[in-house]
Amino acid sequence: MKCMGTGMLPCLVATVVVAACGAASTSPSPSPAATTRGTALPLATLVPPSRSPATPTPAAERTAAPTSAALVLGGTWVSPKAGVTLTSYTTSLSARPTASGPGVTTFTKVAFSATWAGAEKKVVCTATKPSSGGAWTCKANFLVLEVPPGTVTFSFDVYGEGVTTASSPDGPRAITYAAPPPKPTDADLTQIKPPDFENGDNTGTYRVDWSAPAGYADEFLVYYTEECPRPSTEANAGAPCFVAGTPVDISQLELLAKAPGNARSIGVQVSEGDCLGIEGSILLRARNAYGTSTFAIVKAAPVIWVAPGDAFC
């Protein structure tokens, strides 16, 4: 077969029929994408698929970004132990502060509070630095704070720089305050009526006054004694028979009067002599369910010493 043209050229066998060489073949030539088995595959589109507009996530389904937990202060009790009985007028309060969570802080103080019958919660002492063992400790004086005997409930708060205060992180702690009343102070004796010796009456009337913290005493007891523990010697002549710390022989005491726990004065009658007036000593003490106080000296008799051959009075 020869093609018509300017020269005689061999016919090229091709998979594509050139229209210029004659009439087009009635059978379509295989596509270049045909497989070796001659089966035609669909042409891949070059147009990217259309994208639907982005649909916003409903607010209710949005997840918040995780945040770090804040630094939290805490603490644990060291003393006193729960339920103990305290008999001293002072006690140590101690706790160990803690902190958990991210970040750091510096503890600044641990404040201890207390409440008791008839009183609102109040701070009783504050620790401002730790001991070598890490506990924060301070002392509370119940007398100064006017804490009466009975149930006392403690708690503590922990403070740190730049963080929220931990309020009672280890809960309250109740104890029994079972102290005897303290010794009465400022004891004084005032004469109300002198004896009428001319009419045979040797009894003088006096008022005993004193000071004492409220809530401690159930009663006050006024005694008279003619005992003089200090030896009757020339060196001791005129010295008081009783001073602070002098032991008292209770078998030698005569009860003059009793006053209720809320009293701070009481009247007494005392026998007097013509020469020395009240010849003995007058002592005062307080008492409650937990014990008695030491004696307060209302009036101390002087040591009597008479030189041999001298007349007394």
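The values are calculated or read from the model by the stated rules, or taken from the named source; none is laboratory data. Quantities reported herein were computed from a predicted structural model and do not represent experimental measurements. Ideal geometry is used to build each Cβ from the backbone, glycine not excepted, and the neighbour counts take in all protein chains shown.
Selection over the range 72-95 of residues that are surrounded by fewer than 18 Cβ atoms within 10 Å (Cβ to Cβ) and assigned to a strand (DSSP E or B) gives a count of 8. Might you let me know whether the range 212-228 holds any residue that is within 30 Å of Gly273 (Cβ to Cβ) and touching a Cys at 6+ places or on another chain (Cβ under 6 Å)? Checking the range 212-228: at least one residue is within 30 Å of Gly273 (Cβ to Cβ) and touching a Cys at 6+ places or on another chain (Cβ under 6 Å).
Give the residue, chosen from Thr108, Thr98, Thr137, Thr128, that is under 30 Å from Pro181 (Cβ atoms) and in contact with a strand residue (DSSP E or B) (Cβ under 7 Å, 6 or more places away or on another chain). First the steps, then the outcome.
Details: Thr108 fails: under 30 Å from Pro181 (Cβ atoms); Thr98 fails: under 30 Å from Pro181 (Cβ atoms); Thr128 fails: under 30 Å from Pro181 (Cβ atoms).
Exactly one residue qualifies, and that residue is Thr137.
Quick check on the range 187-200. Is at least one of its residues of a type in the set (Val, Ile, Thr) and more than 45 Å from the chain's Cα centre (by Cα)? Within the range 187-200, one or more residues are of a type in the set (Val, Ile, Thr) and more than 45 Å from the chain's Cα centre (by Cα).
Kindly indicate the residue of the range 248-279 that is assigned to a loop (DSSP other than H, G, I, E, B) and modelled with pLDDT of 95 or more and also farthest from Gly215 (Cα to Cα) among those meeting that condition.
Within the range 248-279, the subset assigned to a loop (DSSP other than H, G, I, E, B) is 248-249, 253, 261-264, 272, 274-276, 278-279.
Among the residues that remain, those that are also modelled with pLDDT of 95 or more are: 248-249, 253, 261-264.
Values: Val248: 26, Asp249: 28, Leu253: 26, Gly261: 8, Asn262: 8, Ala263: 11, Arg264: 12 Å.
So, considering only residues that are assigned to a loop (DSSP other than H, G, I, E, B) and modelled with pLDDT of 95 or more, the one farthest from Gly215 (Cα to Cα) is Asp249.
Filtering the range 280-312 to residues that are in contact (Cβ under 8 Å) with a residue 40 or more places away in the chain and not in a strand (DSSP E or B) leaves Gly280, Ala289, Tyr290, Ser293, Thr294, Phe295, Ala300, Ala301, Val303, Ile304, Trp305, Ala307.
Please go through the range 134-165 and pick out each residue that is in a helix (DSSP H, G or I) and either free of Cβ contacts under 8 Å to residues at least 60 places away in the same chain or under 13 Å from the mean Cα position of the chain (by Cα) (or both).
Just the residues of the range 134-165 that are in a helix (DSSP H, G or I), to begin with: 142-145.
The answer is Phe142, Val144, Leu145.
In summary, Gly215 fulfils each of the numbered conditions (1) surrounded by 13 or more Cβ atoms within 10 Å (Cβ to Cβ); (2) under 43 Å from the mean Cα position of the chain (by Cα); (3) at pLDDT 95 or above with the single exception of condition (3).
Per the conditions (1) within 23 Å of Gly204 (Cα to Cα); (2) touching a residue at least 60 places away in the same chain (Cβ under 8 Å); (3) in the same structural domain as Tyr224 (by TED's automatic domain parsing), the sole criterion not satisfied by Ser265 is (2). Does Gly238 meet the test of being modelled with pLDDT under 95, of a type outside the set (S, T, N, Q), outside any strand (DSSP E or B) and within 41 Å of the chain's Cα centre (by Cα)? Here the answer is no, as Gly238 does not meet what is asked. When the test is whether a residue is among the aliphatic types (A, V, I, L, M), within 25 Å of Trp305 (Cα to Cα) and either over 40 Å from the mean Cα position of the chain (by Cα) or surrounded by 16 or more Cβ atoms within 10 Å (Cβ to Cβ) (or both), Leu221 does not pass it.
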